[in-house]
């Protein structure tokens with residue numbers, strides 16, 4: 001089993017960006033430009049490595065390889081995005097890798113690309129790239145190719161050597177358990193062993209509501225691979241553990257005015273097999289709540305006024321200072337209740353909310369995470 005933290009270190013130490021590996025300070029698939037550039041790199045790395053894995057490491061400074069990290073990204077539906085825009089799509093996996101020196105909410109993103117021995121191309125237009133375009137890696141750059149091409153295997157031995165030097169061992173596993181237990185000691189950390197092989201550490205702040213147990217500030221990590229499977233500071237989570245599985249149901253707190261409820265968002269089941277393999281299966285559970293259109297119109301217009309004030313640099317009233325904390329979620333509810341322009345308003349609000357306060361911007365990012373799960377399902 002590959003220790004993904006060690007794999008990232010080996011990639012950073014072994015080579016600059018090349019035809020099987022790329023690094024990014026951050027990736028934003030929330031807008032068309034960011035989505036298009038991400039798809040371009042996926043396409044190029046897949047075509048340049050038909051017989052081995054390719055990697056994108058996210059959260060690293062380009063000049064000095066300084067590991068600064070990015071926010072936890074749990075978009076389990078990223079393969080749906082790849083399938084929607086690429087012909088002969090590779091299998092793409094995004095994982096969140098823990099590093100001890102990073103803050104709790106920061107990880108390094110690792111994108112693994114497994115090609116399918118066929119030429120991958122854009123299926124349709126996106127941003128300034130045209131459907132049918134084929135990309136390849138030219139050194140550290142993803143370039144379009146407009147002539148006859150054949151797939152060539154030039155990296156298998158190099159990638160194989162890097163992966164072999166990143167194999168996990170008992171020392172890495174024990175150190176990982178101790179690191180987790182020490183860093184999460186305020187949230188009742190536990191470790192579990194599945195199938196005499198897999199070690200899972202988890203922690204959370206327990207809360208009992210009407211005889212049901214929920215957890216917040218949940219952190220779940222597969223120690224064997226140093227992969228953070230789940231992390232949330234805001235949402236409520238229910239956890240069910242069996243002999244060979246770990247099930248998480250995530251809830252989101254949504255509502256209008258003074259009426260809020262918890263709605264199931266997504267179910268994740270991590271199943272461990274006897275052959276030293278595991279599988280993660282996710283299922284969207286979210287059924288968007290429906291509200292009275294008159295109330296929604298009032299809240300939508302209030303949000304628009306707040307957004308306009310932020311744009312012009314006008315101070316908010318006390319009431320608006322309270323309402324702005326609900327602005328991302330209420331824009332989302334408006335969109336889910338057939339206010340199509342609410343989505344554009346939500347995206348335009350990003351820069352203003354980020355400048356307003358870290359708390360509100362954190363709520364904004366959580367709202368986008370819900371939107372991604374709904375959209376790509």
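Annotations
- Cα centroid separation - region 308-351 against region 35-56, whole Å: 36
- As a rough footprinting exposure proxy, the listed residues 247, 4, 206 were ranked by other beta carbons within 10 Å of their own, and the order from fewest upward is 206, 247, 4.
- With the Kirkwood sum run over all distinct C-alpha pairs, region 18-83 has a hydrodynamic radius of 12.9 Å.
- Remark: region 293-375 is approximated by an ellipsoid whose semi-axes, taken from the C-alpha gyration tensor as √(5λ), come to 19, 16, 10 Å, largest first.
- Separation in nanometres of the label points that stand 7 Å from Cα toward Cβ, at residue 295 and residue 84: 3.0
- Placing pseudo-labels 7 Å out from each Cα toward the beta carbon at residue 65 and residue 207 gives an inter-label distance of 4.3 nm.
- Measuring spread by the Cα atoms of region 4-164 yields a radius of gyration and Dmax of 15.1, 48 Å.
- Paramagnetic label reach from residue 257 (point 7 Å along Cα→Cβ; backbone nitrogen cut-off under 18 Å): within region 334-352, residues 334.
- Tail weight of P(r) past 21 Å, computed on alpha-carbon pairs of region 234-309, percent: 50
- In plain terms, if you count all Cα to Cα distances in region 110-217 and split them into 10 Å steps from zero, the share in each step is 10, 23, 20, 16, 24, 7, 0 percent.
- Each of 225, 321, 236 was scored by other Cβ atoms within 10 Å of its Cβ. Arranged with the fewest first, they read 321, 236, 225.
- Modelled FRET efficiency - R0 35 Å, residue 170 with residue 285, Cβ distances, 0.05 increments: 0.40
- Compactness of region 206-354 as Cα Rg over 2.2 N^0.38 Å, two decimals: 1.30
- Beta-bridge orientation, the chain: approximately 95 percent antiparallel, per DSSP, counting only bridges with both partners inside.
- Rh (Kirkwood; distinct C-alpha pairs) - the chain, Å: 22.5
- Förster-model FRET efficiency, 51 Å R0, residue 216 and residue 138, C-beta, rounded to 0.05: 0.60
- Relative contact order [Cα under 8 Å, 6+ residues apart], region 170-284, whole percent: 16
- Normalising the average separation of contacting C-alpha pairs (under 8 angstrom, six or more residues apart) by the number of residues puts the relative contact order of the chain at 13 percent.
- Between residue 267 and residue 343, the FRET efficiency from the beta-carbon distance, with R0 = 22 Å, is close to 0.30.
- Across the alpha-carbon atoms of region 170-284, the computed radius of gyration and Dmax are 15.2, 52 angstrom.
- Packing-based exposure ordering (other Cβ within 10 Å, fewest first) of 101, 253: 101, 253
A short reminder: the numbers here are calculations on the coordinates, not readings from a lab. This structure is a prediction, so every number in the text was calculated from the model and none was measured. When we count neighbours, we look across all protein chains shown, and the Cβ atoms used for this are built from the backbone with ideal geometry, even at glycine.
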